[in-house]
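The structure under discussion appears below in the form of structure tokens.
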Amino acid sequence: MLLLLILALATLLIFGNSRKKYQFAKDLPSIDPWYPLLGNGLMFIGKSPEDRFENFVGAFQRTDRLFKLWFGPKLALGTCHPDLIQQVTNHPECIERPLFFYKQLRLTKGLLVARHALWKSQRKVLNSTFNLRILHSFIPIFVDCSRKLIDRLEQAPREDAINLYQYVSHCTLEMVCGTTLGMENLRRASGSRFLRHIERAMVIMGDRILSLHLQIDLVYVFTPAFWREMYSLMLNQRYAAEIIEKRRRKLMTDGLQKTADNDQDGYRKPQIFLDQILSTKRAGESFDDDEIQHNVRTMIAAGNDTSALAISHCCLWLAMYPEIQERVYQEINALYASPEAEITPDGLKSLIFTEMCIKETLRLSGPAPNIARETLANVELDGLTVPKGTVIILSLYAMHRRQDLWGPKADIFDPENFSEDNCRQRPTGTFIPFSSGPRDCIGGRYAMISMKIIIIYILRNFKLSTKIQPEQLRYRFGPTLKLAFDHTIRLERREG
């Protein structure tokens, strides 16, 4: 009886404090149903991952501008309106990432999760490590990994459809590890083990984010998943530390590897990220070991799953629309009919319709459906004074399907949405698959180059088909946009 009384008093105290703290939002629309302490939890509790996703997106689609969303007693604001999204992503007091959304990644000193002061100092100097010359230097790695992907797909069963994502994910993981740590480190047995444990840790973290009870650290540490994750992280930290120390000694001895003088194009000798960060100075000081570790693993974690999903989604859309697939194939074949044809930056730039299809994929099924910000100070937003410490959730998925922006067929796959004329007529900020503003994704151009090259290799070798229909597509609630079922695609070897 005493325990129930204490719980009741605690509930009233928390509820009372919350009402006072969040009085500023009293006139904003709410999402129903809502209950004290539980908030909008019934959108998620007892629901399948697909229903969670649809309930969450539905909240944004039903409300045009700002609205209230309750995570238990904690308030967040939400919107999918392009004007408000631009205001938030470009506001200097809205560059913080809310830690409770990203803590499971355990990368608090890397660009993705770092608090604003550390992020600002890192981003300023790391921007140069993703300039076009360096990105073009990764083309040989992208090509090498794509060829290996085709070899694996050649061994896949022909009579049945396969889950293409499984194959592509391994390829993109090789790519991002190769461009971050160097391909020579992945060819050793320890490199293969590193890839396996990266994959395992990411699966465990993804499952944790989808399980509300595992968000509680005291519960999570008593699960087998916690110990498996810790073991994988320990091995990967140790392996990364060995590579970092090895590269540091080499750079001290030889200096940073420069592109050969006779390489006028500057894209044939990869300039890996680890070399760049080891040689970069910030206010005259080098990055410490923890920052290097966190940023190396951030690039791997952020670059792998997102690229793999985008490519798999794109291939699925092309399999569902064979006439569009044929047009992409003809464009690729005109430039790269021969397996020996060299893939160059200028050639990639010429694949205009292919890029339109990739962008349309990122519009309808971009791998990052939502982004979140936390205010660093009081911010004026849509006539409302939003206090410091308020979390704002922005649904890119909902914005990219708004009929007032994309027309009555906003849910239909139509690459012509990205024709030159249509892009010119569309307001700025209505298509931001890599976010926007100062804290946008540093790897957006990296992703576009790698996606183009993988699609070149897949379509040049295989014709894609699927029994999945567009109206059957359903997605799961999570940090990235994953299908509720496999990317089941049948591969047919192209003649010649």
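The values are calculated or read from the model by the stated rules, or taken from the named source; none is laboratory data. The shown structure was predicted, so the numbers you read here are calculated from the model rather than taken from an experiment. These area figures cover heavy atoms from the full protein model, side chains too; ligands, DNA and RNA do not enter into them. Shrake-Rupley method; radii C 1.70, N 1.55, O 1.52, S 1.80 Å.
Here are some notes:
- Against the chain, whose longest principal axis is taken from its Cα atoms, helix 352-365 shows a tilt of about 30°.
- Global geometry of the range 113-155, whether rounded, prolate or oblate, following the gyration tensor of its Cα atoms and the 1.5 cut on a/c: oblate
- Over the chain, DSSP H runs of length four or greater, each weighted -39,500 (n - 2.57), average out per residue to a 222 nm ellipticity of -16500 deg cm²/dmol.
- Ordering Ile449, Ile352 by accessible surface, largest first, gives Ile352, Ile449; the 1.4 Å probe counts only protein heavy atoms, with every chain in place.
- The range 261-390 shape via C-alpha gyration tensor axes, a/c threshold 1.5: oblate
- Note on exposure: Trp317, Trp70 ranked by accessible area (1.4 Å probe, complete protein assembly) read Trp70, Trp317, with the most exposed listed first.
- Once all protein chains are placed together, Glu355 keeps about 50 Å² accessible to a 1.4 angstrom probe.
- Between 0 and 90°, nearest 10: helix 139-154 axis offset from the chain longest Cα axis: 90 degrees
- Multiplying the residue separation of Lys349 and Arg249 by 0.36 nm and subtracting their alpha-carbon distance yields 32.2 nm.
- Computed on protein heavy atoms with a 1.4 Å probe, the accessible areas place Leu42, Leu362 in the order Leu42, Leu362, largest first.
- Rolling a 1.4 Å probe over the heavy atoms of the protein chains gives the chain an accessible area of 46 Å² per residue.
- Nearest-ten-degree value, helix 2-21 long axis tilted from longest Cα axis of the chain: 70 degrees
- Gain upon complete extension [Lys120, Gln61; 0.36 nm per residue less C-alpha separation]: 17.9 nm
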